[in-house]
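Report on one structure; see the data block that follows.
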Amino acid sequence: MAKTSQPWVATLVRTIFDQPDAAEVHAQFARVVTALEAHLSAAEADLLAFTAVPREIWRQIWSSNPQERLNKELRRRTDVVGIFPDRAAIIRLAGAVLMEQNDEWAEARRYMGPDILAKVNGTANTENGKEIHAIEPISA
């Protein structure tokens, strides 16, 4: 479920408590559950996509902290420069920041170690009798 759906879900749940009597509260609860069930069922593939990788890295996949830190660093560096002379200049700066971050992740932090990445690359998991194929690597 997208983060943009949170206000919709909260409003939907609040309607349960806005009913005039007990029978209507129970009826509204059933309607809300049905609506949420349909919404969640439609998003099942997206919500459960993380299960295609080994359990050891689920926490890293759930977190957007590395992406947020990277965006913050890009923003900080572009604010320092201020105005770029042309499009190529901003691409060079962003490329340098991304290469620096790649080196840091590869050598210093090991956000996802090579052993775990080897499990992801070209393997298939089986859970609950279903075969789940690993995520294909992105090539440059």
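Conditions tested, residue by residue: (1) under 26 Å from Lys119 (Cα atoms); (2) basic (Lys, Arg).
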{"site": "Gln6", "(1), (2)": "no, no"}
{"site": "Thr11", "(1), (2)": "no, no"}
{"site": "Asp21", "(1), (2)": "no, no"}
{"site": "Gln28", "(1), (2)": "no, no"}
{"site": "Leu40", "(1), (2)": "no, no"}
{"site": "Pro66", "(1), (2)": "yes, no"}
{"site": "Arg76", "(1), (2)": "no, yes"}
{"site": "Val80", "(1), (2)": "no, no"}
{"site": "Asp86", "(1), (2)": "no, no"}
Taking the range 64-80 and the residues there that are in a helix (DSSP H, G or I) and of a type in the set (S, T, N, Q), the one that is farthest from Met99 (Cα to Cα) would be Asn65
Any idea which of (1) part of a loop (DSSP other than H, G, I, E, B); (2) modelled with pLDDT of 85 or more; (3) under 26 Å from Lys3 (Cβ atoms) is the one Ile138 doesn't satisfy?
(2)
Can you pull out the residues in the range 9-25 that are assigned to a helix (DSSP H, G or I) and surrounded by fewer than 12 Cβ atoms within 10 Å (Cβ to Cβ)?
Ala10, Thr11, Arg14, Phe17, Ala22, Ala23
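Taking the residues in the range 30-63 that are part of a helix (DSSP H, G or I) and among the small types (Gly, Ala, Ser) as candidates, determine which candidate is farthest from Glu104 (Cα to Cα).
Ala30
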Only one of Leu93, Leu48, Leu98, Leu70 that is in contact with a Phe, Trp or Tyr (Cβ under 8 Å, 6 or more places away or on another chain) and either modelled with pLDDT of 80 or more or surrounded by 14 or more Cβ atoms within 10 Å (Cβ to Cβ) (or both)
Leu93
Select from the range 26-41 the residues that are farther than 16 Å from Ser5 by Cβ and surrounded by 14 or more Cβ atoms within 10 Å (Cβ to Cβ) and list them in ascending order.
Gln28, Phe29
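The values are calculated or read from the model by the stated rules, or taken from the named source; none is laboratory data. These numbers come from a predicted model, not from an experiment. Every residue, glycine as well, gets a Cβ built from its backbone with ideal geometry; the counts of neighbours run over all protein chains shown.
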